[in-house]
1. Determine the distance separating the Cα centre of the range 263-321 from the Cα centre of the range 200-232; give it in Å without decimals.
2. State the Kirkwood hydrodynamic radius of the range 282-321 in Å, one decimal place, computed from all pairs of distinct Cα atoms.
3. When the chain is fully extended, how far beyond the present Cα-Cα distance does residue 22 get from residue 237, taking 0.36 nm per residue of separation?
4. Beta carbons within 10 angstrom, averaged per residue: use that to sort the peptides 83-91, 239-247, highest first.
5. According to the square roots a ≥ b ≥ c of the eigenvalues of the Cα gyration tensor, what is the shape class of the range 7-208, taking rounded for a/c under 1.5, prolate for a/b larger than b/c otherwise, and oblate for the remainder?
6. Relative contact order of the range 151-292, please, whole-number percent, based on alpha carbon pairs below 8 angstrom and at least 6 residues apart.
7. Could you rank the peptides 40-47, 187-194 by their average count of other C-beta atoms within 10 Å per residue, with the highest value first?
8. Test of understanding: ordering 306, 20, 199, 131 by Cβ neighbours within 10 Å, fewest first, what list do you get?
């Protein structure tokens, strides 16, 4: 087992972003000096991000934007460059709109040192300004997942480079959900994924409009459908239940109710299932989150149907960006 208890073991970072401005500067500054190399992967910024990253001591990889962008492709490019520069034992992946918390890396590295079967460890990602909008609060609540062995991580995570290499990195064709998909393959290869109770990163969603939330949630539905298509077979059943719920609540139920109303107005009573679902979820999640968890099934269903339609037409899905 590689000794990870000292900085000599090597810990680098891959940061991805586009036009993050001051957020990127804060992200790079949050890494302690012993984390090197820092590799910043830029996807066509026009705001001086590349110069700011170089000024902060980061190695910059500029993606070829003539090739369709995905975050997975960016992370792979950064990881490849990181391994060329120094082959560290560990890599911290982080998005450029996040700030690393001071105690995270020592705690996460110690956890990996004590658990050699763990290939990925993540902590608590928090929204930096949850009070700014309901959309930010929903992000913050979404990331409050249980501590312990997990099925997946998010965009911010500390990983063993050997584990990432063993499974061939991220799937560059995925426009969303690339981290959970990577974790499916890591777990199949015998690695474990864990979430610990340590504060990991502060994220700046900067969501101020309903349309941003809708796009982000629609992207989630697309990820559900594509994940189920890739790994939906037993025993994994990756995102099969999430896809089914999105289609049932976001497409089948409203369509049946509205078409049924052409025969009898009583069919509209099916729509009463939505407030009942809000009531059921509110007992655990509170009224605000319960309402939006129920409403989310509409854009999720849109994302699922978009994926299915593009697959039927043999077309590549376009990136769904909310900011």
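1. Centre-to-centre distance over Cα atoms comes out at 13 Å.
2. So the Kirkwood estimate lands at 11.9 Å.
3. Working: separation 215, 0.36 × 215 = 77.40 nm, distance 4.04 nm.
Full extension of this stretch gives 73.4 nm more.
4. On the way: 83-91: 16.8, 239-247: 19.4.
Order by mean packing, descending: 239-247, 83-91.
5. Numbers: a/c = 1.32, a/b = 1.10, b/c = 1.20.
Here the range 7-208 falls in the rounded category.
6. Numbers: 99 pairs, mean separation 21.1, N = 142.
The value is 15 percent.
7. Numbers: 40-47: 19.6, 187-194: 16.8.
Those peptides, ordered most packed to least, come out 40-47, 187-194.
8. Details: 306 18, 20 26, 199 15, 131 9.
Placing the least packed residue first, the sequence is 131, 199, 306, 20.
Read-outs: derived from the displayed coordinates by stated rules, not from any lab. It should be emphasised that the depicted structure is a prediction, and the values quoted were computed from it without experimental measurement. Positions of Cβ are backbone-derived with ideal geometry, glycine not excepted, and every protein chain shown enters the neighbour counts.
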